[in-house]
Structures are given as C-alpha cells and as structure tokens.
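See structure below.
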Amino acid sequence: MTRSRRGVAAALLALTLPLWGATTASTSLPAFAEGADQEPSIPRPTGQYAVGRDTLHLIDKTRRDPWVPAAGGRELMVSMYYPAATGGRAAAYMTVDEARLLLKGVKLDSRFKAEQLSGVRVNARVGSRPIGGKHPLVVLSPGFTLNRATLTTLAEELASKGYVVALVDHAYESFGTTFPGGRTLTCVACDTIEKAPSDAAEKKLMGRAAAGRGADISFVVDELTHAAGHSPSWKHWKMIDPSRIGAAGHSLGGNAAAGVMAADRRVRAGVNLDGTFFAPVPQSGLGKRPFLMLGTKAQHSPDSTDASWPLAWQRLDGWKRWLTVADAGHFTFIDLPILGGQAGMTDPSAPLSGKRSGEITTAYVGAFFDQHLRGKHQPLLNGPSTANPEVAFQNP
C-alpha cells in the first residue's frame, strides 16, 4: 500500500476525511445530541418558495455498471428537489445505513451516532404540491465516496429560488447508498482504484469515472425531459424547461459537470466545486458555454499543485470564472462543515466557518446559474466583493 498511499485514489480519500473531526479533544457526543432544539439541521433556504422532494430509482439498461458488470444496467438514485407550495411530510436526510457507512468512511463513527446524521433536519417536504410554470434544471453530482445527501444545502437553496434540482447518487461510488429492496451498495470503485498498478493507472480510472458520471447525468436529463425513446420518469417532469439545463458537482462530480458539457450540448452551464479534472476539458473547449471553477485557495490557486485547473482554464472558451476561497478545505462546498460547525467542531488548517462555507457556496453557484440559465446579470460575478472577502478572482 506504500505506493497507493501516494496515489490519486489515496489522495482523494485523504481529502475526503474532514480534519474537523479530529480537532475536538473530547470524545463525547457533540452538544447537539442533547435535545431537540439543538439537533443538527440544514440551513433554511433564502428563496421565496417552499421545497418539495421526490426520490427516483433509475436504471440505464443500455450501459453495464463499470465497477460491477454482473450487476447489469447502471443504477442511480436521484433526489428531485423542486419549488413547492407548503405541505407534505418531512423528508429524511439519509438512511441509517448510509449514515453509518459515511461516518465510518470519514472516520467519525466514534464521535457521532448514525442516527444523529440520518436524523439531520432538512427543509424539503415529501409530497408537496409544485408551483406552476417552467423552471431551469440543475443536475448535481457529489464527491467521490460521498453520498448525494452531502449536497443538500445547495440543492434546497436552488429549489427555493425556483430551480428543479436532480441530485444524483452513482452506484458503487459512495461509502454507502441505499437502493430499493433494502440494498445498500458500498464503494467498489474505491477498492478497484486502490488496486491499480500505478499512479497513472489510478488517474486513468478516475478519468473514466468522471466520464461515466457525465454519461449518468445525460441519462438523467433524458429521463426527466421526455427525450427520444424515454418516457418521463418523474411525475412533475412538465415543470422542467429543457432549454435551460445546468450541471454542477463537488470534487469528482465537478469534473463530471465539465465532462457532460463536452458530450451533451443540452447542458448549457457548469460548475466544478474543488474537483481535479481527471478527465480534461477538451482542447476544443465547451462550445463557448459558461463554466465556473470554485475551489480552495490552498489547493486550487494558479500556483498550486493541481495542474489540471490551469489547463482547464486555458481550454475553456466561453464565459468563465476561476474563484478561490481562503481558509477553505475540500469539504467547504458541501454540508459536512455546516453540520460540524453546529457541533462546535473546527479544523485549524481550514478555519472558514461552516456557516460561511454554506453562504459562499450557495451565493456564487446561485448567482452563476441565475446569470446563465435565467439571463439575470449578477454583479457578484464581476469581481471581488466586500461582502465576501474570502473569495479571490483568479485570472492567470
């Protein structure tokens, strides 16, 4: 394992381990476990609409699963968030099995109970009546090893502002994802990549994984927009405006957002949240479509060790922004620092608070899609903002 620990997969897994989990001296359960008023929760969205949520199980029978071919067609779990009228019952954050495996994977199982994480309070309601009209669609893909629930803050915020959001879990690429029938699939991809014979082979596998996720996103778009040969898989599919589709993701999911844009012109705009481009942006660019790169100052400044971002910047041929966030870590752009902050947990190497992490991510991603899917100019994207001194605009 010596070589593997220096390799790509091990590096990604290391980024996946939240250091804030190891910085609190006490090994007792966090304070929010003491009472209902202190339970961990996803921040209340700032948009004008309530948020509804449905769950879909999709199978692409035209593609075999790349990690477990014997499993048959490529399986996906998709949480559909949408702007809704009030009503419905409370949605769950994740299943207890998913929570147990995630906590074990990020080495927090001695500090949290699975029931605490699965019981995080969310804002979405199941069975809510959708509002009328046509709305942009944004497809979100989580980081490698991470359950889709870790992008709940972003998904709920976008839905509260009038977007339909498809939040995707990719089979065998997370520590644990629960599928129908009580099956909770684990990260076979992790084992496969760890066993690669060289660092170059690991990078190649990660590139294939990003490309595979891009194909997953295209398939989800097919299933949601009544594309040729596909009957809509979601009962509210008429809410979606198929001429306004975007993609975004964290880590490997961010690479997938660029990948699907390279392959599928229906996706008009994309965002990469701190992800290495294992599958490079094509030399020909992305057809002059807009793309946002939002990452940590430490890992994704122009002079950092990730050479894939400068290369991507050179090849992006449309509207583009390269933003870095000071005092941020790889998890800054997802839910876990928000929940950790509520438990009083901090990471000295990435001291940006969980509250600011969520505010920065939702502000810039929301502004990007408002500008490029709704045509509403967003001054926030023009340059540095006194309201967000942590965010720097890079132009190498």
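Bear in mind that the values in this text are calculations on the coordinates, not laboratory data. Quantities reported herein were computed from a predicted structural model and do not represent experimental measurements. All Cβ positions, even for glycine, are placed from backbone atoms using ideal geometry, and neighbour counts span all protein chains on display.
Give me the extension gain from Thr305 to Ala70: residue separation times 0.36 nm, minus the current Cα-Cα distance, reported in nm with one decimal. Gain on extension, Thr305 to Ala70, equals 80.8 nm. Annotation: amide H-H contacts under 5 Å for Arg244 (H modelled 1.01 Å from N, sequence separation of 5 or more, or interchain): Leu137. Taking 0.36 nm per residue of sequence separation and removing the Cα-Cα distance, the Lys113/Ser385 pair yields an extension gain of 94.0 nm.
Listed cross-link partners Lys161/Lys288; Lys134/Lys320; Lys203/Lys376; Lys134/Lys288; Lys61/Lys107; Lys61/Lys203 are compared with a 30 Å cut-off, the Cα-Cα value being larger for Lys203/Lys376; Lys61/Lys107. How charged is the neighbourhood of Pro282? Take every other residue with its Cβ under 15 Å from the Cβ of Pro282, and add Lys/Arg as +1 and Asp/Glu as -1. For residues surrounding Pro282, the net value is +3. Tell me which trypsin sites (Lys or Arg not before Pro) from segment 233-337 have a DSSP coil assignment and no more than 13 other beta carbons within 10 Å of their own. Counting only loop positions with at most 13 other Cβ atoms within 10 Å, the trypsin sites (Lys or Arg not before Pro) in segment 233-337 are Lys235, Arg265, Lys288.
Of the beta bridges in segment 143-280, as assigned by DSSP with both residues counted there, near 30 percent are antiparallel. For segment 227-276, the square roots of the Cα gyration tensor eigenvalues, ordered a ≥ b ≥ c, give a/c of at least 1.5 with a/b greater than b/c, which places it in the prolate category. Most simply put, segment 278-396 has about 40% antiparallel DSSP beta bridges, counting only bridges with both residues inside it. Applied to segment 176-188, the Karplus parametrisation 6.51 cos²θ - 1.76 cosθ + 1.60 on θ = phi - 60° returns per-residue 3J(HN,Hα) values of x, 9, 8, 10, x, x, x, 7, 10, 8, 9, 8, 4 Hz, with x for Gly and Pro.
What is the local net charge at Ser301, summed over the other residues whose Cβ is closer than 15 Å to its Cβ (Lys, Arg +1; Asp, Glu -1)? Spelling it out: positives minus negatives among the neighbours equals -3. Who wins for biggest fluctuation among Asp347, Asp191, Asp222 in a Gaussian network model of the chain, springs between alpha carbons below 10 Å? Judging by the Gaussian network model, the answer is Asp191. With both residues required to sit in the chain, DSSP beta bridges show an antiparallel share near 50%. The reciprocal of the average 1/r between distinct C-alpha atoms defines the Kirkwood hydrodynamic radius, which for segment 297-396 equals 14.7 Å. From the square roots a ≥ b ≥ c of the eigenvalues of the alpha-carbon gyration tensor of segment 52-124, which class results: rounded (a/c under 1.5), prolate (a/b over b/c), or oblate? Oblate.
Each Lys or Arg adds one and each Asp or Glu subtracts one; over the other residues with Cβ under 13 Å from the Cβ of Gly181, this totals -1. What is the distance in Å between the Cα centres of segment 219-269 and segment 187-205? First find each Cα centre; the distance between them is then 28 Å. Classify segment 195-330 from the C-alpha gyration tensor, please: rounded if a/c falls under 1.5, else prolate or oblate depending on whether a/b exceeds b/c. Note, shape of segment 195-330 comes out prolate.
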